[in-house]
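Below is one structure; the comments refer to it alone.
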Amino acid sequence: MGRKVLKLGVLISGRGSNLQSIIDHIEDGKVPARIEVVISDKKDAYGLERAKRHGIEALFIDPTAFPTKEDFEKAVGDELEKRGVELVCLAGFMRILSPYFVKRFENRVINIHPALLPSFPGLHGQKQALDYGVKIAGCTVHFVNEEVDAGPIIIQAAVPVFDDDDEDTLSARILKYEHKIYPMAIKLIAEGRVAVRGRKVIIRDAKKEEWAGVNPPLEV
Ligand code: GRF
């Protein structure tokens, strides 16, 4: 008997390295999901090429072609629903979704953010962390609610910050763990093991061995 496969829609605006990691984990049989469609708000997003290369439908939806933000989001939502998408994954999608979209896909939109939320929400989380002088940085996968980068947290991974780090070196260290925790979060949701209780996300039957490799050793 085949397991249920969770239908994903991935929204991107650029490079798509998180998209690539999701694709790779699915193709390797590690995540019981299928990407039904990748949608970009930028025509030249490299992630669209990545999708096509793997036989995944890739759409560019031009936000400037719609009179309002909500009209654009309605078009995106319609494309996702047409394909039966059950979980919407924001992967470097550089737009803040309005309450309209968040309500339409309530508790069915997740995002990856390159900081340990609730610290450093918004743009350039890695640079904010460096400028602040924190010694531990990281990344967060969370449900999307109506506030920016503020929904219930599903998984976080921490990385050390070194004195000689710049934005590029720290971003690269964090990105490695983004590529682990995003597919992991999707796997847990696909397996029906994630429950949202207010601000808290409960992971059912969490096994120690599953988490091995998700968090880096912080010893130096
Ligand atoms: C990542 O750092 C992600 O955390 C942030 O935007 C970046 C997207 O990178 N939301 P990519 O397009 O997945 O390579």
Inset, instruction - Can you give me the ranges of the helices (runs of 4 or more DSSP H) entirely in segment 29-133 with at least 2 residues that are within 16 Å of the ligand (Cβ to nearest atom) and charged (D, E, K, R)? - result: 46-53
Inset, instruction - Would you check if residue 147 is charged (D, E, K, R), out of contact with any helix residue (DSSP H, G or I) (no Cβ under 9 Å at 6 or more places or on another chain) and within 18 Å of residue 93 (Cα to Cα)? - result: yes
Inset, instruction - Determine whether residue 190 is over 12 Å from residue 113 (Cβ atoms) and either surrounded by 19 or more Cβ atoms within 10 Å (Cβ to Cβ) or over 14 Å from the mean Cα position of the chain (by Cα) (or both). - result: yes
Inset, instruction - Report yes if some residue within segment 53-62 is among the basic types (Lys, Arg) and in contact (Cβ under 8 Å) with a residue 24 or more places away in the chain; otherwise report no. - result: no
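One line per residue, one yes/no per condition, for (1) modelled with pLDDT under 95; (2) of a type outside the set (Ser, Thr, Tyr):
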| position | (1), (2) |
| --- | --- |
| 143 | no, yes |
| 148 | yes, yes |
| 151 | no, yes |
| 165 | no, yes |
| 171 | no, no |
| 175 | no, yes |
| 178 | no, yes |
| 181 | no, yes |
| 187 | no, yes |
Inset, instruction - Starting from segment 32-44, keep only residues that are in the same structural domain as residue 13 (by TED's automatic domain parsing) and free of Cβ contacts under 8 Å to residues at least 60 places away in the same chain, then list their pairs with residues that are in a strand (DSSP E or B) and of a type outside the set (A, V, I, L, M) whose Cβ atoms are within a distance under 7 Å, requiring at least 6 positions of separation or different chains. - result: 34/7; 36/7; 36/9; 37/9; 39/9; 40/60; 43/60
Inset, instruction - Give me a count of the residues in segment 134-145 that are outside any strand (DSSP E or B) and among the β-branched types (Val, Ile, Thr). - result: 2
Inset, instruction - Could you grab me the full set of residues in segment 1-28 that are assigned to a strand (DSSP E or B) and more than 9 Å from the ligand (Cβ to nearest atom)? - result: 6, 7, 8, 9, 10, 11
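Conditions (1) out of contact with any Lys or Arg (no Cβ under 9 Å at 6 or more places or on another chain); (2) surrounded by 13 or more Cβ atoms within 10 Å (Cβ to Cβ), marked per residue:
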{"residue": "46", "(1), (2)": "no, yes"}
{"residue": "52", "(1), (2)": "yes, no"}
{"residue": "55", "(1), (2)": "yes, no"}
{"residue": "63", "(1), (2)": "no, yes"}
{"residue": "72", "(1), (2)": "no, yes"}
{"residue": "85", "(1), (2)": "no, yes"}
{"residue": "89", "(1), (2)": "yes, yes"}
{"residue": "94", "(1), (2)": "no, yes"}
{"residue": "99", "(1), (2)": "yes, no"}
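The values are calculated or read from the model by the stated rules, or taken from the named source; none is laboratory data. On a predicted model such as this, the values are computed, not experimentally measured, just so you know. Every residue, glycine among them, receives a Cβ derived from its backbone with ideal geometry; neighbour counts consider all protein chains shown.
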